[in-house]
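What follows is a short report on a single structure.
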Amino acid sequence: MPSLSLDRLVKRYDEQVAVNAVSLSIHDGEFVSLLGPSGCGKSTILRMIAGLIEPSSGRILIDDRDVTRLAANQRRVGLVFQSYALFPHMTVFENVAFGLRRQGISSSALEQRVTEALASVQLQAYAQRMPRQLSGGQQQRVALARSIAPRPSILLLDEPLSNLDATLRDDMQIELRRLQREVGITTVFVTHDQTEAMAMSDRVCVLAGGSLQQFDTPEAIYHRPANGFVAGFIGRPNRLVGQLIQGTNATGVTDTFRVHLGPSLRFEVQCQAQQSGPMASGQTVDVVIRQEDLQLGTPGSPTQGPNQFEASITLRAFTGSRVQYVLAVPGGPELIALVPTNGLHGGYAVGERLSVSIDPGLIFINDRGAGP
Ligand code: ADP
């Protein structure tokens, strides 16, 4: 039974559509991220699930129950914001107990619930401290304990880690995931950080301009992006402009495309890789090729397959696990390639000439300006 479903959820502000008919089904116990650039509608979706914003149309179902018109406090949803706002004049214990007191449960049950919630974020020993006596990470953990103590059926997290410094954020990512697994709570996590979304989630929902672009596992989103927007947002893109030329096969059927990226650089594009509807021959298109999808060979051992071309290296940046190369391509645009470090040889040197290839299925084209 899906634990949370959104059914063609829409939110309009006057003329602007902030959320455009988003449908999702999130399973019981699943950790799902809403990922996209600022303004794509992530927080609006989260606040509609929480009951803080009323949808213009569409439905929200928790465990198959329609909660769209229910008040926020009747939805059994826990919410943690970026600014987690603990009550400064209350102890950690009282902060966590706050929501439970309003539920009117007995004092012995309350004590047990607070102790359990604090134990799950490893802060039992801090129950009598005041928030100002805690670090930023510890305060965030108290906010989490406060949200899970009433045993909500859904946990909603709105960029809860974005105020933390990088190291603490890494630690909290792992901690949050561990906690979510232990408690087994269905979680929706809002972030604009693709690495964070990929690392933490069972599935990722990529949004742009209020519309759902793709909802799938991190692996599928990375390896089989639905369109150029997803490919560019998840990977490290080369963003190019080209001209689309339709080709004909032996039987005279037009089913292949080539994209021209310069006087002497043209690539074959696999038809299913282009997602923005029918496109006309001669049309100018946005082209996304991920840096990590360029295959580098040497003149002595060239790369195989279609879309081969020659390039020379003009810059090289070593980043530890990967090397970034800037490639000058005769008769084509400059391209950047990102290659895993191979311990056996030092990679390529500036000035070296090499052969490059790109899989036709990994070239993403969008009508200019039509993309999200
Ligand atoms: P995100 O969380 O992805 O950054 P939001 O959900 O906050 O995006 O906003 C989505 C869009 O809706 C944005 O273009 C934003 O300007 C607009 N928006 C959000 N809240 C309001 C509001 N109260 N009134 C008008 N427009 C709003």
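All of the numbers you see were taken from the coordinates with simple rules; none came from a lab. None of these values were measured; they are calculated from a predicted model. Using ideal geometry, Cβ is built from the backbone for each residue, glycine included, and neighbour counts are taken over all protein chains shown.
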Centre separation in Å (Cα based) which lies between the stretch 164-195 and the stretch 6-53: 19
Stokes-Einstein D in µm²/s, Kirkwood radius over Cα pairs - the chain at 25 °C with 0.890 mPa s viscosity: 105
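Expressed as a rounded percentage, what relative contact order does the stretch 66-141 have, with Cα pairs under 8 Å and six or more residues apart?
38
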Residue among Pro263, Pro37, Pro360 with the largest mean-square fluctuation in a Gaussian network model of the chain, springs linking Cα atoms under 10 Å: Pro263
Residue of Asp165, Asp66, Asp286 that the Gaussian network model of the chain assigns the largest fluctuation, springs spanning Cα pairs under 10 Å: Asp165
Inter-probe distance in nm under a simple model that places probes 7 Å from Cα toward Cβ, at Arg129 and Asn20: 4.7
Residues Ile234, Ile221, sorted so that the one with the fewest Cβ neighbours within 10 Å comes first: Ile234, Ile221
Residue with peak Gaussian network fluctuation, the chain [Cα springs, cutoff 10 Å], from Gly209, Gly331, Gly51: Gly331
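Which of the three applies to the stretch 29-73, rounded, prolate or oblate, going by the alpha-carbon gyration tensor with a ≥ b ≥ c and a/c under 1.5 meaning rounded? Show your work: numbers first, answer last.
Values: a/c = 2.15, a/b = 1.35, b/c = 1.59.
It is oblate, given that a/c is not under 1.5 and a/b is not larger than b/c.
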Fraction of beta bridges assigned by DSSP in the chain that are antiparallel (%, nearest 5): 75
222 nm mean residue ellipticity, helices alone, for the chain (DSSP H n ≥ 4; -39,500 (n - 2.57); rounded to 500): -7000 deg cm²/dmol
The chain, relative contact order [Cα under 8 Å, separation at least 6], %: 15
For the stretch 6-91, the Rg and Dmax computed from alpha carbons only, in angstrom: 14.1, 46
Fewest-first sequence of Tyr325, Tyr13 by Cβ atoms within 10 Å of each Cβ: Tyr13, Tyr325
³J(HN,Hα) computed for each position of the stretch 306-314 - Karplus, 6.51 cos²θ - 1.76 cosθ + 1.60, integer Hz, glycine/proline x: x, 6, 9, 7, 9, 8, 10, 8, 9
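Peptides 149-160, 93-104: what's the order by average Cβ count within 10 Å, highest mean first?
149-160, 93-104
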